[in-house]
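Asks: Can you keep this structure in mind? I'll have questions shortly.
The values are calculated or read from the model by the stated rules, or taken from the named source; none is laboratory data. No experiment lies behind these values; they were computed from the predicted model shown. In this analysis, Cβ positions are derived from the backbone assuming ideal geometry, glycine residues included, and neighbour counts consider all displayed protein chains. These accessible areas exclude ligands, DNA and RNA; they are computed on the full protein's heavy atoms, side chains included. Shrake-Rupley method; radii C 1.70, N 1.55, O 1.52, S 1.80 Å.
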Amino acid sequence: MSAPTSANNVKVASVSDRGLNDKRPLNEDSFLCDPERGIFAVADGVGGAEAGEVASQTAVDVLDEAFRHRLHDGEDIEDLMELAIQRANSSIHQMATEHPRFAMMATTVVALQLEGLTATFGHVGDSRLYRLSPQGKLLRETEDHSIVEEEVRAGRMTPEQAANHPSKNVISRALGAENSVEVDMKTIEIEDGTTFLLCTDGITRHISDSELRDLLVSGRPVDQICADMKQRCYDRGAEDNLTAVIVQVGTPNFAALADAERTVDAYAPELARTAPDNAAPQTVLTPASRIAFPGPTTEPIQVSTSAVPERKSSGGRAVRRFFGFIFIVALVGAAFYAGLRYKEIRQGISGAAATPQPTPTPDARASFETKRSAVDANPQQWLAENVPAGAKPLEWKDPEKLYLYGRALMLTGNHKDAADAFNLAIANLRTEHKGSLPLNAEIKLAQAAAVLKQNSAKSPPAAANAQQQAAAILDELLGTKGQAAPQ
């Protein structure tokens, strides 16, 4: 644990520990604390042996290097941070590709940069950044990139199911999992007296948001708060590596604060607005994330909940990006082109959606959702109850049952057989509705089949991502299978 340091009226303390789990003899977390340059980060490595440690250290080293060699004070911080994280992703992915011992390594990262009262943060994965306002309100500024959290946000899984789900240790976005990565970035203006907490899930799996807020407003020195976090994790098993960095801007005064304000999730503001005044604070613990593969592409969530206005980016970012980081122009260009092509494909599908659509039958849809929820709640149990010994599920003809079987296999990590089940579900769905499927449904089935075919021989992360995309398409179409015929 580091002693508290200060620069420009910023107080900083940190703690990092391997925890108590004998299966994790190494601390695969890494962190960066540089109050002089105002750059802070934590990274949670994935991959086991030395691989996770290498991945997380690479992430913080690249960030450190980027901010130590800033060209000038007026340089766009958001661009600099995002491109540094992109560069770290490329380095980690290249090492994982070229060296067998690092084949499965990846890492999360969450970074904060302070320039006066302007805060810029970026993240990939499920390591978190919290902001405590001078009024004592704790806001979570990052959205977890994890499979179960995405299912919860989509309304397909409850928080209770997520906490005990077999896939709770799977993150959907990480540095090094693929040759490019989407980085969530944000820049805001803050008030004097603001406190930040950057932490890995080794902290949040044992300490709830409510407890974190109570610790941060306790008025104790930041190094003592870090020590208390570690002790609470130890008291509760410390099953994972744990790392936290506290950054306190100015001198907060929490002595007169009421205890009513609790955590506001910046990506789920409706929870804070709709909670009854007398409701007890929610205790939400984050599951550990130890497996990384990229999730399906989704539209970014754009929510602004803080009273502090988000700073608009300056107009010269593209020029500075070109001259400052010419070495990654090819990577950025490729990602941009891929995004355009994906948008064109999605627009083509949307255009085809003009074909008359069936009218939903509520009972049929509810029945399908009930079956899918049973798979999501406990895929192992679903397989035991629905696939008896000696059965040959890949000979089934019912596309719905094949889809549920494939989904259960996917959630338990059997991606090869899951792909086979999804392909059969697609073929049987076409046979069952031969000549009666609307054009947009046929296009979506073709898209799902193509995604599975193109990625079947690729790396496990790419294959798993393809299965998620195909499953989402099948989920949508099978939910309408019991509907009336199109007019």
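Asks: Using a simple spin-label model with points 7 Å from Cα along the Cα→Cβ vector, what separation in nm is obtained for Ala391 and His69?
Replies: It works out to 5.8 nm between the two label points.
Asks: So, taking all protein chains as they sit and a 1.4 Å probe, how much accessible area belongs to Ser210, in Å² rounded to tens?
Replies: 20 Å²
Asks: Hey, another quick one. Give me the accessible area per residue for the range 117-209, probe 1.4 Å, as a whole number in Å².
Replies: Per-residue accessible area for the range 117-209 comes out at 26 Å².
Asks: Could I have the simple spin-label model distance between Ala366 and Asp398, label points 7 Å from Cα toward Cβ, reported in nm to one decimal?
Replies: Label at Ala366, label at Asp398, 2.0 nm between them.
Asks: Dipole size in debye (nearest 20) for the range 150-203 around its Cα centre, Lys and Arg Cβ +1, Asp and Glu Cβ -1?
Replies: For this selection, approximately 300 debye.
Asks: Follow-up. Measure off 7 Å from each Cα along the Cα-to-Cβ vector at Arg37 and Ala163, then give the distance between these two points in nanometres to one decimal.
Replies: 4.1 nm
Asks: Length gain on complete extension for the stretch Gln231 to Arg156, per 0.36 nm per residue less the alpha carbon to alpha carbon distance?
Replies: 23.5 nm
Asks: Can you give the net charge of the other residues whose Cβ lies under 9 Å from the Cβ of Thr108, counting K and R as +1 and D and E as -1?
Replies: Cβ neighbours under 9 Å give a net charge of -2.
Asks: Let me ask something else about it. Using a probe radius of 1.4 Å on heavy atoms only, what accessible surface per residue do you get for the range 380-436? Whole Å² is fine.
Replies: It amounts to 52 Å² per residue over the range 380-436.
Asks: Of the accessible area of the range 71-161, with the probe set at 1.4 angstrom, what percent is carbon plus sulfur?
Replies: Whole-percent figure for carbon plus sulfur exposure: 51.
Asks: Roll a 1.4 Å probe over the protein heavy atoms and report the accessible area of Lys401 in Å², nearest 10.
Replies: 70 Å²
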